[in-house]
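Below: the structure, in structure tokens.
Read-outs: derived from the displayed coordinates by stated rules, not from any lab. Here the structure is a predicted model, which means the values were calculated and not measured. So basically every Cβ, Gly included, is an ideal-geometry build from the backbone, and we count neighbours across all protein chains shown.
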Amino acid sequence: TEFQRVDDYLALMAVRMGPRLQVVLDLPKALRPLSVPPMLLQPLVENAIKHGLEPQVQGGRIEVRARQQGAQLWLTVRDTGVGLQAAPHPLSPPNPASPTAPAAHGGGGFGMAQVRERLATLYGPAASATLAPADDAEGGTVVTLRLPLPAP
């Protein structure tokens, strides 16, 4: 359901951004029956577009992926946008003296705090959320959510 909401939102954004927006949604068939908290991914995708891709004339790519890693579900939202160091990110701590602070602190702004709070309330220490610069030549930002898989 969450991937369908993100797909619908990205379809609307594709009308607005045209060829400037490239999308990769990767939800393996085995993970499709799993549920995640509603509206967990869409705000992250919205921020990736608004603060990562829209500032770039050429736009870029949004990737939303789900993977099973042991007993965890990993959800990632990655953009090839301006990145954390190039511009203040909405999920980064408000520190105008240091725009690279989010990378150093794993992302600790209001948006990430809200996501982390939701995950902590629902899953306790079994879940986490991180914000980091993408570590390849394409640049951009990656948010990774780690949730416990439901018991069989």
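Points worth noting:
- A full extension of the chain between TYR123 and GLN22 corresponds to an added length of 33.1 nm, given 0.36 nm per residue minus the alpha carbon distance.
- Packing-based order for 34-40, 14-20, using average beta carbon neighbours within 10 Å, highest first: 34-40, 14-20
- A straight chain from ALA11 to ASP136 at 0.36 nm per residue would run longer than the Cα-Cα distance by 42.3 nm.
- Between LEU31 and VAL57, the C-beta separation translates, for a Förster distance of 30 Å, into a calculated FRET efficiency of about 0.25.
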